[in-house]
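The values are calculated or read from the model by the stated rules, or taken from the named source; none is laboratory data. Only a predicted model underlies this, so the values are computations on that prediction, with no experimental measurement involved. A quick note on method: Cβ atoms are made from the backbone with ideal geometry, for glycine too, and the neighbour counts reach across all protein chains shown.
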Amino acid sequence: MVQIEKTVELALDKLAKLKVNDQLISELKWCLESYRADRNPVGLIEKSRIALEFLKEKKEKNSRAVSKQLIADLEKVSYS
């Protein structure tokens, strides 16, 4: 599940660059650290789904704001 860590890190970077939703960023960071500690992906997957929906909304408003690849990768880890 190394891919989930890398994908979430990329999503965190994108959320930070967009300078939006600080609460989601904080929760996602916390879940990532928790996952690294106990390897239980439940919380991380749940927050990844929220990040995915948020990033999809941003992409709809500005197609260049979020890459298709990031959306695809988040979909893979969130719904696999």
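At-a-glance table
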| item | result |
| --- | --- |
| Within region 46-80, considering residues that are under 16 Å from Glu5 (Cα atoms), modelled with pLDDT of 95 or more and small (Gly, Ala, Ser), the one surrounded by the fewest Cβ atoms within 10 Å (Cβ to Cβ) | Ala72 |
| Region 27-45, residues that are surrounded by 12 or more Cβ atoms within 10 Å (Cβ to Cβ) and part of a helix (DSSP H, G or I) | Glu27, Leu28, Lys29, Trp30, Cys31, Leu32, Ser34, Tyr35, Gly43, Leu44, Ile45 |
| Lys14 vs. criteria part of a helix (DSSP H, G or I), touching a residue at least 40 places away in the same chain (Cβ under 8 Å), over 9 Å from the mean Cα position of the chain (by Cα) and surrounded by 12 or more Cβ atoms within 10 Å (Cβ to Cβ) | no |
| Selection within region 67-80 - without any contact (Cβ under 8 Å) to a residue 60 or more places away in the chain and either under 12 Å from Leu18 (Cβ atoms) or assigned to a loop (DSSP other than H, G, I, E, B) (or both) | Ser67, Tyr79, Ser80 |
| Residue tally, condition in contact with a helix residue (DSSP H, G or I) (Cβ under 7 Å, 6 or more places away or on another chain), of a type in the set (A, V, I, L, M, F, W, C) and farther than 19 Å from Ala72 by Cα, over region 33-60 | 0 |
| Hits in region 35-66 (condition: more than 12 Å from the chain's Cα centre (by Cα) and free of Cβ contacts under 8 Å to residues at least 12 places away in the same chain) | Ala37, Asp38, Asn40, Val42, Glu57, Glu60, Lys61, Asn62, Ser63, Arg64 |
